[in-house]
Structures are given as C-alpha cells and as structure tokens.
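In what follows, a structure is listed as structure tokens, so that the remarks can point back to it.
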Amino acid sequence: MSAAARRRVLLYVQHLLGIGHLRRSAIIARACAAAGLDVMLVSGGTPVPGLELGEARLVQLPPTVATDASFKVLVDEDGRPVDDAWKARRRDRLLDLWRRFQPHALVTELYPFGRRLMRFELVPLLEAATGAAQRPVIVCSARDVLQDNDDNAPRAQKMLQAFERYFDWVLVHGDPAFIPFERTFPHATRIATRTAYTGYVVDQAPADACGDDADGEVLVSAGGGAFGAAVLETALRARPATVLADRLWRVRAGVDPAPGSIAALRRLAADGGDRVIVEPNQPDFRSRLRRCALSISQAGYNTLLETLQANARAVMVPYVGRKETEQTLRARLLAERGTIDIVEEATLNPETLAAAIERAVRRPRAAQLAIDMNGAARSAALLIEWTRALDW
C-alpha cells in the first residue's frame, strides 16, 4: 500500500487489572502496521515495558486501573480515585487524538461488550465519530467469550443497543467451530451480518531463544494477570510430591512483581536449592513453552493460546475471582478434548495440583488442536478491506 493510500487506524484499549487485553491489541496493531496501515494504539492502562508494536505507534493516556476484580472503582497512577475533573481531562485528550489523527477506522477493544466504566470517554468519542463529515468505520475488537453476570440479560440488551447505535462491525477473535459468539452473547444472531470471526490472536513471530536448560523443565507462570500468586505458591508447595520433583522448576512471577512477592516465593522454593528458579517474566516464555516438560499456569486468553501453539503439556487453573467465567469455559472445553489438564480454583491445593501434574505427564501428548490462530493477520486484512471502501 503506497504512503498516499495508507489508511489510518486508531485502536483504543483499556486494561484494568491484567495486561492480556493490551497484549492482544498490541499483536493486532503490529500486524496491521506490517500490512501497510498507519496505526495508533491508544492505551489507557498502566504502561507495560517491552511491548512489541513494530511500526505501530503507542500513545499513552493518563493511566487508570481498577482497584479489584469488581471493576467498580478506578484509580489514577498515584492510587487516588478518579474524579469528574480527571475524567473530563482524559476524555478531552482522547477526543483531541481522534481529531488530529482522523482515522479511517476507529477500533474499541471490548466495548460495548465490556469496559462500561470507560463510557465517560468512549461515548463522547463514538458520538463524535458517528457525526463526523468523514465518518470512520467503527469496529469493536472482542474476544470469543464474554463475561457471564447475574444481570446478564439486561446488560446484554444494553450491549446490543450500543452496538447497533454506533458500530459497523465486531471482530470476534475466536473460531466459531470451537466457541461461537452466541455461546456467551445471547443477541449474536441480531448482529450476525456485522460479525467477522478472525481466528484467535496469538503472536506468530518466532519465539525468542532461550538456554539449553529449558529442555525438560517445569515452567510455572502467572501471565500478566493480577491474581496468579495462589497458583505459583501452590505449585512450589506441591513440587516435592510430584513426579517431576527432580526437574528444574522455573517460576515466572509476573511482569513487574513486588520485591516482597519474589522474596516470599523464593522462601517457599528454598528446599529445592538450585533446582528452583524464581524470577520476573522474561521475553523467552514461548520458547520455554515449546521445550518444557510441563507448564503450570492460569488459563488466560494469551497464555492458553501460546500453550496450544507450543503443543505443550499443561495443567491450568482457570481464574474465577468474582464469578469470572471466561477462563473456565475455554479451559473445560480443552480439557474435554484431552488437550490440557485443569484444576478448579475452588479445589486448588498441593495434593490436587500434584495429582493433575501426574495425569498430564502420564497420558500421551494430545494432537495439536485444529483451531484458527491467524487472528491478527485476518483482523488487518478486514480493516484494510473496510477502510478502502470509504470514499475519503
């Protein structure tokens, strides 16, 4: 695509606890830029070091996060609850970015199927975009599984209303042969003609190299989430009783773990001597997945897909938190197919984890699951198609 013909895409993402949403958006942004689009990724969460964006640009809004898994309270980078004045400043900053960039495509990650807390800035942005003389294609970038809630019926109705008012398309980052969107969104048939499945979004770039010690190690990780400590601690307590106790165990404690948490994990690991390594996350995770004897982790979207991509033996503990259902649905479907083993969070203890490790090691390695993992490239191709159809 020539420089003069390059179409501009503004992709908005807000991560509130873990960094999975930002990582998925970054993979899409990088693929779009590689396909010739001019991409601005606007992030509203805390900055994440080492984010790979290729030729895409990152613009950081004043960051905010949720205080807990209830997603009811937002705080700023100093931990203070955000007020109306703060929200107004951030809304105006976002609107100014949109006006200056004049994107041919405006992509909101998850909204309107989530991120209700961000309506203070997203609704004004969408109103401005839909009313613009040069109206962009307006797209939602959504994962395959939506969160189930006690008030799911009225909430789903509001999602539908917002989608029909503002959006042209939803990119569903999944494979309908595995989990169709209607599995968790009851009005999916109403928007079927504006739904495009992309396949799952997982990094297709070569995995970073790692040392020879990756061969046959046990890789324990918390991903980028905020609630993986119980999995790490239980794995260390279970280690002496497992069939893999004599292997090297590598415990990845998160993107930016607190010094106190690292120290606590190292105390738990002390009986393993130099056979247990506790460290922050490193960029060689996917290489280690491909060469490990076993992976132990939660079941977040990114970690699960990277595990499938590596065809690694895995024991996963789906996060349930405050009635979270997303990880459990995917993980149970994969466990039914013999692809991974799971331990439910409610029953997680050293004994149940050690038993799951034994099951995973003893059974034959499952055949690689035939699901579409070309989501980033497909997203880019669709955005090129839709923006080229504009007459401006």
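Quick look at the values:
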item: Cut-off 10 Å between beta-carbons: net charge of the residues surrounding D38, Lys and Arg +1, Asp and Glu -1; result: +3
item: In Hz, Karplus ³J(HN,Hα) per residue of segment 138-144 (6.51, -1.76, 1.60; θ = phi - 60°; x = Gly, Pro); result: 10, 10, 9, 9, 10, 6, 6
item: Estimated inter-spin distance, L333 and L53, nm [label 7 Å along Cα→Cβ]; result: 3.2 nm
item: Share antiparallel - DSSP beta bridges, the chain, percent rounded to 5; result: 5 percent
item: 3J(HN,Hα) from dihedral phi, segment 34-46, Karplus parametrisation 6.51/-1.76/1.60, rounded to Hz, x for glycine, proline; result: 5, 7, x, 7, 8, 10, 10, 9, 9, 10, x, x, 5
item: Square roots of five times the Cα gyration tensor eigenvalues for segment 234-392, Å; result: 33, 19, 16
item: Accessible area expressed per residue, the chain, with surrounding protein chains retained (probe 1.4 Å, Å²); result: 42 Å²
item: Separation of the R100 and D83 label points, Cα + 7 Å toward Cβ, nm; result: 2.7 nm
item: Read-out Rg and Dmax of the Cα atoms in Å, derived from the coordinates shown; its label in (1) 30.8, 96; (2) 31.8, 114; (3) 21.3, 67; result: (3)
item: Cβ-Cβ FRET estimate between D271 and A230, R0 fixed at 30 Å, reported to 0.05; result: 0.95
item: Gap separating the Cα centres of segment 72-93 and segment 267-293, nearest whole Å; result: 38 Å
item: Net charge contributed by nearby residues that have their C-beta within less than 10 Å of A26 (K/R +1, D/E -1); result: +1
item: F120/R6 FRET efficiency (R0 41 Å; Cβ-Cβ; nearest 0.05); result: 0.85
item: Local electrostatic count at R362 - Lys and Arg +1, Asp and Glu -1, tallied over other residues with Cβ under 14 Å; result: +2
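The values are calculated or read from the model by the stated rules, or taken from the named source; none is laboratory data. Note that this is a predicted model, so its numbers are computed, not measured. Cβ: placed from backbone, ideal geometry, glycine included. Neighbour counts: every protein chain shown. The accessibility values were calculated without ligands, DNA or RNA, using every heavy atom of the protein model including side chains. Shrake-Rupley method; radii C 1.70, N 1.55, O 1.52, S 1.80 Å.
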